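Engineer: Before anything else, here's the structure in question.
The values are calculated or read from the model by the stated rules, or taken from the named source; none is laboratory data. Please read all numbers here as calculations on a predicted model, not as lab measurements. Neighbour counts run over all protein chains shown; Cβ positions are idealised from the backbone, glycine included.
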């Protein structure tokens with residue numbers, strides 16, 4: 001009986017020493033840019049937690065949250081984020097940071113979109129049937145692109161319009177190979193800039209702002225959710241120290257993201 005007790009104690013001690021796990025579903029831009037590799041070691045060390053990162057498009061990240069397959073989502077599609085919270089799948093939504101979307105294309109710019117307003121640029125790309133590559137993966141970037149086509153009163157179809165169903169990094173490489181136009185988030189572009197011939201042609205429109213929101217999955221929907229870990233993660237991500245690190249993050253000497261200290265106020 002004594003040996004049974006000792007063995008049980010060893011098992012319990014062994015189990016208790018296992019690090020806590022936090023499952024994070026996030027858009028490919030936070031992963032491809034290198035931001036998470038830069039930030040997460042601090043959280044893991046501070047809280048003794050291992051973060052499992054699932055890098056997918058925003059649409060799939062939200063589905064993962066709805067299914068209770070993750071504890072936290074970090075995405076960039078405000079309307080979809082609001083819907084996720086309003087339907088009871090998420091709690092404590094806050095905006096973490098922002099950058100912007102840009103239109104990249106070949107330096108020759110066959111559609112003549114350089115420095116044009118975004119809607120006019122899309123109209124010119126469509127009118128000239130210039131090659132355009134779309135992520136086509138229901139990501140935050142894809143959602144933004146579809147919204148912009150609607151605002152331009154266009155439905156992109158034809159051989160010139162290529163939906164590739166890929167993350168931002170792969171989409172950039174495909175667009176580069178095809179010498180095509182593409183909508184990208186600035187962070188992923190800057191992280192891959194040295195390997196691309198594409199240049200920034202359209203930027204600066206207010207409609208191209210790209211905020212990122214973090215949302216804890218509602219434990220009332222899924223009892224398996226690590227709600228304490230999610231709470232710690234949100235607090236850590238919004239802390240002054242982490243927000244300062246987001247501002248300090250650079251690739252090739254260029255800033256990829258800007259901190260955003262405050263609650264999200266819209267979609």
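Engineer: Return a yes/no flag: does segment 160-179 have any residue that is more than 25 Å from residue 40 (Cβ to Cβ), assigned by TED's automatic domain parsing to the domain that holds residue 39 and either modelled with pLDDT under 95 or not in a helix (DSSP H, G or I) (or both).
Structural biologist: no
Engineer: A follow-up question, please. Listed residues 111, 61; which is crowded, with 21+ Cβ neighbours inside 10 Å, assigned to a loop (DSSP other than H, G, I, E, B) and in contact with a strand residue (DSSP E or B) (Cβ under 8 Å, 6 or more places away or on another chain)?
Structural biologist: Working: 61 fails: assigned to a loop (DSSP other than H, G, I, E, B).
Just one listed residue meets the conditions, 111.
Engineer: Only one of 110, 106 is in the same structural domain as residue 179 (by TED's automatic domain parsing) and without any contact (Cβ under 8 Å) to a residue 24 or more places away in the chain; which?
Structural biologist: From the options 110, 106, the qualifying one is 110.
Engineer: Does segment 127-146 hold any residues that are out of contact with any strand residue (DSSP E or B) (no Cβ under 8 Å at 6 or more places or on another chain), modelled with pLDDT of 95 or more and in a helix (DSSP H, G or I), and which are they?
Structural biologist: Looking only at segment 127-146, we keep the residues that are out of contact with any strand residue (DSSP E or B) (no Cβ under 8 Å at 6 or more places or on another chain), and these are 127-129, 137-138, 143, 146.
After this cut, where a residue has to be modelled with pLDDT of 95 or more as well, the list is 127-129, 146.
Selection gives 127, 146.
Engineer: So, restricting to strands (runs of 3 or more DSSP E) that lie completely within segment 187-267, which ones have at least 1 residues that are within 18 Å of residue 89 (Cβ to Cβ) and at pLDDT 95 or above? Please lay out each step first, then the result.
Structural biologist: Numbers: elements: 199-202, 209-217, 258-262.
Because the criterion is at least 1 residues that are within 18 Å of residue 89 (Cβ to Cβ) and at pLDDT 95 or above, the strands (runs of 3 or more DSSP E) in segment 187-267 that meet it are 209-217.
Engineer: Can you pull out every residue in segment 22-34 that is buried (at least 23 other Cβ atoms within 10 Å of the Cβ) and either in contact with a helix residue (DSSP H, G or I) (Cβ under 7 Å, 6 or more places away or on another chain) or part of a loop (DSSP other than H, G, I, E, B) (or both)?
Structural biologist: Pass one, segment 22-34, residues buried (at least 23 other Cβ atoms within 10 Å of the Cβ): 22-30, 33.
Those that are buried (at least 23 other Cβ atoms within 10 Å of the Cβ) and either in contact with a helix residue (DSSP H, G or I) (Cβ under 7 Å, 6 or more places away or on another chain) or part of a loop (DSSP other than H, G, I, E, B) (or both): 22, 25, 26, 27, 28, 29, 30, 33.
Engineer: When you go through 166, 230 one by one, which is the residue that is in contact with a strand residue (DSSP E or B) (Cβ under 6 Å, 6 or more places away or on another chain) and in contact (Cβ under 8 Å) with a residue 12 or more places away in the chain? First the steps, then the outcome.
Structural biologist: Numbers: 166 fails: in contact with a strand residue (DSSP E or B) (Cβ under 6 Å, 6 or more places away or on another chain).
Among 166, 230, only 230 is in contact with a strand residue (DSSP E or B) (Cβ under 6 Å, 6 or more places away or on another chain) and in contact (Cβ under 8 Å) with a residue 12 or more places away in the chain.
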